[in-house]
Amino acid sequence: MNAVTYLEDVALFDSAVAVEAVLTDDQLSAGGLVKVETYIRTKSSAAATRKAAQREREAAAGVRQLNLKCSEEHAVVLKDLAAALAVGDPIEQVIFDRDPALRYAVVMLHQLQSLTGWRKWLARLLGLVKR
């Protein structure tokens, strides 16, 4: 007989046992057996099983956790960005709300990319737009 190391190794439903065939504690004691309480390890704890299920749900939803190291001054920005993304706000809106100069730069970039003709040629000459 092989010793069972993990609870999951026990085949619970391999053979059906009739309820009438199961002996009571008194019957087992009368047969010479001694009642012993024991602990048996499971392959994973309840917390680990719960966390694995949570990770699977988040992966199915496309959510992933990242741990970042940064300076104190950037930590506030990253926390604001993470909070906004968690509730579904667009990333551009969060960045623009924090820095109006960046909003202006992005608007100017879009305008430069939409140039045509001699204006585009001049913007390339000045190094504002790549080919």
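The values are calculated or read from the model by the stated rules, or taken from the named source; none is laboratory data. On a predicted model such as this, the values are computed, not experimentally measured, just so you know. Cβ placement follows ideal geometry from the backbone for every residue including glycine, while neighbour counts extend to all protein chains displayed.
Residues being in contact with an Asp or Glu (Cβ under 7 Å, 6 or more places away or on another chain), over 30 Å from Ile95 (Cα atoms) and in a loop (DSSP other than H, G, I, E, B) are entirely absent from the stretch 45-67. Just a yes or no: is a residue in the stretch 99-113 among the β-branched types (Val, Ile, Thr) and loosely packed, with under 10 Cβ neighbours inside 10 Å? No: the stretch 99-113 contains no residue that is among the β-branched types (Val, Ile, Thr) and loosely packed, with under 10 Cβ neighbours inside 10 Å.
When you go through Ser114, Ser71 one by one, which is the residue that is under 32 Å from the mean Cα position of the chain (by Cα), over 30 Å from Lys51 (Cβ atoms) and small (Gly, Ala, Ser)? First the steps, then the outcome.
Details: Ser114 fails: under 32 Å from the mean Cα position of the chain (by Cα).
The conditions single out Ser71.
Between Arg64, Arg57, Arg50, the distinction of being over 16 Å from Arg98 (Cβ atoms), without any contact (Cβ under 8 Å) to a residue 40 or more places away in the chain and in contact with a helix residue (DSSP H, G or I) (Cβ under 9 Å, 6 or more places away or on another chain) belongs to Arg64 only.
Looking at Ser44, Ser29, just one residue is of a type outside the set (A, V, I, L, M, F, W, C), over 30 Å from Ala83 (Cβ atoms), at pLDDT 85 or above and surrounded by 10 or more Cβ atoms within 10 Å (Cβ to Cβ), and that residue is Ser29.
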